[in-house]
Amino acid sequence: MRIAGVIAEYNPFHLGHAHQLRQAREAAHADAVVAVMSGCFVQRGDAAIVSPAVRAAMALQNGADAVILLPALWSVRDAEHFALGGVHLLTGLGCDVLSFGAETADLPLLQAAVDALESPDLPAAIQPHLSAGLPYPAARRVPAGLPVRVRTAAVAFGAGGDSAGQQRGTVRERRGVGAGGAARVGAVGARRGI
């Protein structure tokens, strides 16, 4: 049995999510699609606007074969740890493929970004950018060749420039990108040895 996994919040579930579930099944030739979903609290600790039961029911009605709750320990964290918790669950469930949304469907480009972000040389590569005042998430994107969005603290929170303000500004910018629908859904990548 071939299983495709999706890590999501579905807060709320919308037509793009239904499209991704269909695409995951079709592109991966999956017999089943399993979604790992946040519960009452979503990334960065925000309260979900719709109950987990309603969101899970919507996913099941729109193509998911099972919905597994992501423990709050993972779901309230930043995007990297949210995804890590989901990947651990999906790996334990025997998923063969991970379906994810991305700004591009260019798998070699996505693989190059992963390789750069997992490189042991990353700390030394980002240090000059941190010293220049970039917040950590933006500095980490530079060596990976990813676009840097730094309309952060100075625009959203005044010119204070403290790291907490920069981090909040970065989070707000990332939310803006996601909420605007810029991410492309349906890119499917084969599971790496996790």
*Could you pull out the residue among 2, 55 that is surrounded by fewer than 15 Cβ atoms within 10 Å (Cβ to Cβ), of a type outside the set (A, V, I, L, M) and touching a residue at least 40 places away in the same chain (Cβ under 8 Å)?*
2
*Do we have residue 42 as under 13 Å from the mean Cα position of the chain (by Cα), at pLDDT 95 or above and not charged (D, E, K, R) here?*
no
_When you scan region 17-38, do you find a residue that is open to solvent by 50 Å² or more (accessible area, probe 1.4 Å), outside any helix (DSSP H, G or I) and polar (S, T, N, Q), even just one?_
no
*Any residue in region 51-66 that is at pLDDT 90 or above, within 17 Å of the chain's Cα centre (by Cα) and at negative phi?*
no
*Counting only residues that are surrounded by 14 or more Cβ atoms within 10 Å (Cβ to Cβ) and within 27 Å of residue 41 (Cα to Cα), how many does region 80-121 have?*
20
_Lone unmet requirement of (1) in contact with a strand residue (DSSP E or B) (Cβ under 9 Å, 6 or more places away or on another chain); (2) loosely packed, with under 15 Cβ neighbours inside 10 Å; (3) outside any helix (DSSP H, G or I) for residue 68_ = (2)
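The values are calculated or read from the model by the stated rules, or taken from the named source; none is laboratory data. Bear in mind that the values here come from a model prediction, so they are computed numbers and not experimental data. Methodologically, a virtual Cβ is constructed for each residue, glycine included, from the backbone with ideal geometry; neighbour enumeration extends over all protein chains shown. Remember, those area values only see protein heavy atoms, side chains included, never the ligands or the DNA or RNA. Shrake-Rupley method; radii C 1.70, N 1.55, O 1.52, S 1.80 Å.
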